[in-house]
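Shown next, in structure tokens, is the structure this report addresses.
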Amino acid sequence: MRVGERVQLTDDGGRITTITLAEGGQYHTHRGVLEHQELIGAPEGTVVTNSGGIQFQALRPLLKDFVLSMPRGAAVVYPKDSGQIVTMADIFPGARVVEAGVGSGALSISLLRAVGDEGTVHSFERREEFADIARGNIETMFGGPHPAWTLTLGDLAEQLPEVEEPGSVDRVVLDMLAPWECLDAVAHVLAPGGVVMCYVATVTQLSRVAEAMRADGRYTEPEASETMVRGWHVEGLAVRPDHRMVAHTGFLIQSRKLAEGAVRLAPKRRASKSDYTEEDLQAWTPVALGERIVSDRKLRRAGRDATNLAEQAALATAQIDPDSRRENTPQSTEDTSHE
């Protein structure tokens with residue numbers, strides 16, 4: 001373990017704290033002090049004891065740990081959802097992927113890991129503050145800029161047809177309030193058979209994007225789902241579900257691009273109301289959908305944290321063989337505790 005790396009400390013009670021290793025650094029608790037020097041140069045998986053006799057096991061954070069503790073301006077896509085997106089959208093090594101919006105960069109990191117150095121991830125973000133935070137988090141995760149990542153500031157619906165050739169994109173992932181507004185631009189650049197995956201938070205969003213895909217006519221019948229993860233307590237014969245779980249975070253809805261001129265095959269169903277009234281449309285305004293305003297102060301702080309961590313990650317990366325792979329260690333924010 002090296003100076004500048006993020007290290008996850010777990011005590012005998014299962015409490016987790018993530019720190020950034022520094023020369024002369026100390027980790028203070030009400031039960032003693034742990035010198036960073038005890039960890040610098042030690043192998044991952046080391047168990048160390050602080051001045052109060054408390055033992056800690058030290059491991060590098062996994063991707064799921066990193067994205068839940070990194071600086072954020074926008075809510076992150078949870079690991080359970082990003083895992084589904086990578087699998088269900090079939091994000092493969094070498095894939096050409098378009099993403100919008102980038103938010104804090106959590107999903108971007110998963111997409112970059114999936115496409116590898118030979119693929120491309122082109123992210124679109126309308127807010128510069130979010131883009132700065134995401135850039136810092138991505139560079140922290142990979143120890144520097146990722147060669148497969150391109151970031152464009154602006155609206156995807158307006159800029160995508162200008163920067164990507166028709167039929168040149170394999171996969172499109174939309175994490176935004178109104179993905180239905182981008183379906184025409186997506187159809188223009190998506191290759192036949194390509195996948196579009198939308199991540200939305202509410203039932204009203206889910207309904208409108210599904211109907212928009214059907215009305216467009218260039219996409220297959222959409223498929224919608226949500227993922228829930230429930231942990232289990234396993235200790236001897238005391239085996240039961242955990243009292244808490246990560247339940248609803250968002251819906252996933254996906255479809256595929258049809259060949260030019262092909263007619264969508266729609267499953268036969270009973271007639272139902274599908275036209276929208278003006279009252280219905282009011283349910284899909286940003287405020288009604290629960291968009292939260294993030295203060296400028298919080299965004300500036302998260303941006304500073306992300307930039308500082310990216311610099312620390314670059315320092316740690318500089319200490320290893322440049323031919324080694326970058327993704328052997330996620331590093332993260334200032335000392336932050338999470339369970």
For the stretch 53-169, take N as its residue count and report Rg(C-alpha) divided by 2.2 N^0.38 Å. 1.13
Distance between Cα centroids, the stretch 227-261 to the stretch 1-80: provide it in whole Å. 27 Å
Counting only DSSP beta bridges fully inside the chain, the antiparallel percentage to nearest 5 is 65 percent
Would you calculate, for the chain, the mean residue ellipticity at 222 nm contributed by helices, counting each DSSP H stretch of 4 or more residues as -39,500 (n - 2.57) and dividing by all residues, to the nearest 500? -8500 deg cm²/dmol
Net charge of neighbours whose Cβ lies under 12 Å from the Cβ of residue 210, counting Lys and Arg as +1 and Asp and Glu as -1: -2
In degrees rounded to 10, the 0-90 angle between helix 128-142 Cα long axis and the longest Cα principal axis of the chain is 50 degrees
In order through the stretch 162-173: 3J(HN,Hα) via Karplus (6.51 cos²θ - 1.76 cosθ + 1.60), integer Hz, x for Gly, Pro: 7, 10, 10, 6, x, x, 9, 10, 8, 9, 10, 10
From most to least accessible, 1.4 Å probe, no ligand or DNA/RNA atoms counted, 27, 78 line up as 78, 27
How would 243, 233, 28 line up by accessible area, probe 1.4 Å, largest first? 243, 28, 233
The chain - Kirkwood radius from inverse mean 1/r over Cα pairs (Å): 21.8 Å
Solvent-accessible area of residue 265 with every protein chain in place, 1.4 Å probe, in Å² to the nearest 10: 150 Å²
After finding the eigenvalues of the alpha carbon gyration tensor for the stretch 137-210, what semi-axes result from the square roots of 5 times each, listed largest first in whole Å? 23, 18, 12
Ignoring ligands, DNA and RNA, how do 237, 156 rank by accessible area with a 1.4 Å probe, largest first? 237, 156
Accessible surface of residue 203 in the full protein assembly, 1.4 angstrom probe, to the nearest 10 Å²? 100 Å²
Charge dipole of the chain built from unit charges on the beta carbon (Lys, Arg +1; Asp, Glu -1), centred at mean Cα; most positive-end Cα among 62, 136, 88 is 88
As an exercise, take the mean of 1/r over every pair of distinct alpha carbons in the stretch 204-270, invert it, and state the Kirkwood radius in angstroms. 15.1 Å
The stretch 82-115 and the stretch 193-224: distance between their alpha carbon centers, rounded to Å: 18 Å
Can you send over the solvent-accessible area of residue 150, 1.4 Å probe, protein chains only, in Å² to the nearest 10? 70 Å²
If one takes the longest principal axis of the Cα atoms in the chain, at what angle in degrees, from 0 to 90 and to the nearest 10, does the Cα axis of helix 106-115 lie? 80 degrees
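The values are calculated or read from the model by the stated rules, or taken from the named source; none is laboratory data. Please read these numbers as outputs of a predicted model, since none were measured by experiment. All Cβ positions, even for glycine, are placed from backbone atoms using ideal geometry, and neighbour counts span all protein chains on display. The accessibility values were calculated without ligands, DNA or RNA, using every heavy atom of the protein model including side chains. Shrake-Rupley method; radii C 1.70, N 1.55, O 1.52, S 1.80 Å.
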